[in-house]
Amino acid sequence: MKLYGSQTSPYVRRIRLFLADTNCQFIKLNILEDADREILAAMNPTLRIPMLADAEQTIFDSGVIYRYLAAKQEEPALSWYQENQLTVINAVNDSLVMLFQCSRSGLDTNEDKLFYNLQRERIVTSLFVLEQQAANAEFANWRYPAMALYSLLDWIMFRELLELDDYPALLAFANQNQQQPMVAESDPRLG
Ligand SMILES: N[C@@H](CCC(=O)N[C@@H](CS)C(=O)NCC(=O)O)C(=O)O
């Protein structure tokens, strides 16, 4: 099996954390660089990472890759509640990726514009719920939702996208999981 992605992507990292105990090969791509972009385009028309190549199949989208791997490893399925947790984590992640790309395009995302306001509002409402859930120790087990949350939080800190001081339970969760398998090797700061 080969996982394609970047060192910095939080979507790639959650899969790397899930695959920590396997010998899946990690192929590092810089998707903004021509040669790697050709590999990306040949494998995934959505032009996003991660992608997983296994035998004849290529699977894309981290959520689908997770379900594929979980089925292969005979992991118990996530509950609907955990699926909702992932949706909330993804909502924050997607909005932050979009704002980050806007910033990188030279746009001022602090402007009072509908698009920016909608993303900021979603980020706040979603992080509020994740904070409550972390305070209730709902991410105490190092399973896929916790891995996805950890990858998001550490990416937020790495890119300095948000001040997390208003979310003490999320910060505590991030601190408590720094020693988990594959966390050090998948640190976006190594990218
Ligand atoms: N829903 C996708 C989102 C993946 C995603 O947004 N990946 C980002 C990197 S963090 C990406 O490839 N962005 C490229 C682009 O937006 O053009 C998943 O869960 O895999």
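General remarks:
- Each label point was placed 7 Å from the Cα along the Cα-to-Cβ direction; for N23 and A35 their separation is 2.7 nm.
- Qualifying aspartates and glutamates (Cα of each under 16 Å from Cα of K113; at least 8 residues distant if same chain): E121
- Mean separation of Cα contacts under 8 Å (6+ apart) over length of the chain, as relative contact order %: 27
- Loop-exposed trypsin sites (Lys or Arg not before Pro) per DSSP, neighbour cap 15 Cβ within 10 angstrom, longest uninterrupted part of the chain: 1-112
- The range 1-60: C-alpha gyration tensor shape, a/c 1.5 cut-off, then a/b vs b/c: oblate
- Loop-located GluC sites (Glu not before Pro) in the range 53-154, at most 14 other Cβ atoms within 10 Å (DSSP): E56, E74, E111
- Projection of the Cα convex hull of the range 80-176, averaged over all directions and equal to a quarter of that hull's surface, yields 6.1 nm².
- Estimated 222 nm signal from helices in the chain, with DSSP H stretches of n ≥ 4 weighted -39500 (n - 2.57), rounded to 500: -17500 deg cm²/dmol
- Cα-projected label distance for M182 with T87, points at 7 Å along beta-carbon direction, nm: 2.6
- Environment charge of M182, counting only residues whose C-beta is closer than 15 Å and scoring Lys/Arg +1, Asp/Glu -1: +2
- Local electrostatic count at N23 - Lys and Arg +1, Asp and Glu -1, tallied over other residues with Cβ under 14 Å: 0
- Each eigenvalue of the Cα gyration tensor of the chain, multiplied by 5 and square-rooted, gives one semi-axis; in descending order these are 25, 22, 15 Å.
A short reminder: the numbers here are calculations on the coordinates, not readings from a lab. Because the structure is predicted, anything quoted here is derived from the model rather than measured. Cβ coordinates were reconstructed from backbone atoms using ideal geometry, including for glycine residues, and neighbour counts include every protein chain displayed.
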